[in-house]
1. What are the residues in the stretch 92-108 that are more than 15 Å from Ile133 (Cβ to Cβ) and surrounded by fewer than 19 Cβ atoms within 10 Å (Cβ to Cβ), if any?
2. Just name the residue that is nearest to Leu389 (Cα to Cα) out of those in the stretch 415-434 that are hydroxyl-bearing (Ser, Thr, Tyr), in contact (Cβ under 8 Å) with a residue 40 or more places away in the chain and surrounded by 21 or more Cβ atoms within 10 Å (Cβ to Cβ).
3. Give the residue, chosen from Glu367, Glu351, Glu384, Glu279, that is among the acidic types (Asp, Glu), closer than 27 Å to Thr53 by Cβ and part of a helix (DSSP H, G or I).
4. Would a scan of the stretch 45-67 turn up a residue that is at pLDDT 90 or above and surrounded by fewer than 13 Cβ atoms within 10 Å (Cβ to Cβ)?
5. Outside any loop (DSSP other than H, G, I, E, B) and either closer than 24 Å to Arg110 by Cα or among the hydrophobic types (A, V, I, L, M, F, W, C) (or both): does that describe Lys33?
6. If Ile7 passes every condition in (1) of a type in the set (Val, Ile, Thr); (2) closer than 21 Å to Gln114 by Cβ; (3) in contact with a Pro (Cβ under 9 Å, 6 or more places away or on another chain) but one, which one does it miss?
7. Could you list all residues from the stretch 329-367 that are within 19 Å of the chain's Cα centre (by Cα) and among the hydrophobic types (A, V, I, L, M, F, W, C)?
8. Out of (1) in contact with a His (Cβ under 7 Å, 6 or more places away or on another chain); (2) of a type outside the set (Phe, Trp, Tyr); (3) more than 23 Å from Arg320 (Cα to Cα), the odd one out for Ala392 is which?
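The values are calculated or read from the model by the stated rules, or taken from the named source; none is laboratory data. Everything numeric here is computed off the predicted structure, so don't read it as measured data. So basically every Cβ, Gly included, is an ideal-geometry build from the backbone, and we count neighbours across all protein chains shown.
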Amino acid sequence: MRLDKIIARNRIIDLHSGDLAGALQELLGVCVKTFPDLKPDALMKGLLARESTMTTYLGLGVALPHVRVKMNRRYILAIGRSRAGIRYDGAIDDERVHLIVMLIAGENARDYLQVLASIARQVKEPDLVKSLINAPDIRALHELLIGGFGGIRPVQAQQNRVNRLMFREAERVAKGAGCRAVMVFGDTFIGGIEAGAVPGRLKTILVTRNPIEPSDDDGKEFSETIQVRSFSSQRMAQLRSAILVALTRGVIAFNDRVCCVGGMTGSNQFDTVTVVDIEREFQTLLTGRNDLLPEDVKPEVLERVIAVATELAVEGREGRPVGCLFVIGDNGRVATLTKPLVLNPFYGYKEEDRNILNPFMDETVKEFSSIDGAFIIRGDGVVESAGSLIQATDSDHVLPSGLGSRHAAAAAISVAAHCISIVVSSSTAQVTLFRRGVMLPLTEKRR
């Protein structure tokens with residue numbers, strides 16, 4: 001859903017309180033004015049209870065308190081801005097909170113974690129947050145929120161003669177090669193590429209690192225938008241990960257061909273057209289099968305784990321490189337092949353709070369990535385444990401030289417169970433996926 005659809009002008013306010021409880025009272029007050037059936041005391045209790053379990057501070061002076069309650073509506077969003085700043089226990093180094101985005105969700109809202117993650121992605125962009133905090137008045141703040149949360153900030157691709165020619169020729173190549181779709185790499189253009197900038201007659205898939213919410217205007221949108229982060233300036237560096245995500249979502253099939261058009265990141269110029277035969281590209285990984293994604297693993301869970309793994313590979317932890325292993329799916333079988341190396345840091349928490357789709361899990365997973373052993377993740381995203389020892393063997397696959405015990409364990413568990421394992425290498429920062437013992441590098445080596 002588009003986030004701007006749940007933003008209401010009368011639920012955006014300037015806060016006067018100096019602490020979190022007072023700010024939440026102000027935000028609940030404007031919600032009750034519109035929805036008098038809400039119970040503010042119960043909502044306050046739920047919001048503060050969640051804060052006591054896990055901080056909802058996101059950084060950059062932004063907090064995202066949230067709670068689920070029984071109500072007929074799916075979502076209610078209220079936003080408060082404080083120029084002076086609010087005292088917040090979860091902030092680092094006594095940093096003040098200047099923007100509070102409060103989300104109330106109905107118990108039946110199935111996409112709750114996805115909506116929470118979408119909001120978190122938007123308010124992690126420093127330029128947007130700075131503009132929101134410094135908006136001259138509430139009207140300007142509302143307009144900035146609608147623009148930022150509506151995903152309309154990417155700039156229009158420069159429609160010069162070469163770009164038009166490249167895209168036109170890409171369509172011709174796609175038709176001649178029997179391609180099902182054209183994949184457009186939007187990061188070629190500074191700020192991204194706006195939907196409708198490359199209108200085509202074939203199915204078009206936008207690949208971008210920017211979080212863009214889909215529009216209700218299907219006539220101008222790409223058929224599908226795939227968000228894949230890339231930390232390389234190489235042409236179409238996101239290609240393999242983007243195709244993997246498209247496969248798991250069912251956007252394309254294993255026997256399809258895809259025509260890809262892109263260029264150097266930020267160059268504002270298409271300069272490359274590539275035809276990818278998916279079956280040939282992934283034939284080693286598939287080993288004669290077409291079920292890349294295990295039955296119990298949700299596509300969005302795999303995408304989120306890949307995103308966290310990629311961020312860890314690039315950022316490391318506290319300036320040091322980090323190596324870690326994620327095992328996703330077939331939890332019953334995986335449990336028989338693993339044992340704890342340390343006390344499980346996720347034991348006892350609610351499943352919703354330890355779901356990898358929950359945006360507040362990012363920092364938790366990254367912090368525990370320094371523990372030896374693997375993260376064990378259910379197919380629905382719930383993190384069962386960290387610091388687990390893999391006790392599985394694989395004598396059928398020979399890994400390339402230079403790979404260590406972490407890669408060997410990832411390969412072995414992917415053979416012994418119907419799961420996917422993802423490894424971040426501490427020496428090369430390369431992210432590698434394993435399925436049935438076969439490896440698929442998702443990023444290039446960085447060191």
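1. Scanning the stretch 92-108 gives Ile92, Asp93, Asp94, Gly106, Glu107, Asn108.
2. It comes out as Ser421.
3. Exactly one residue qualifies, and that residue is Glu367.
4. yes
5. no
6. (3)
7. Listed by number, the residues that qualify are Ile356, Leu357, Phe360, Met361, Val365.
8. (1)
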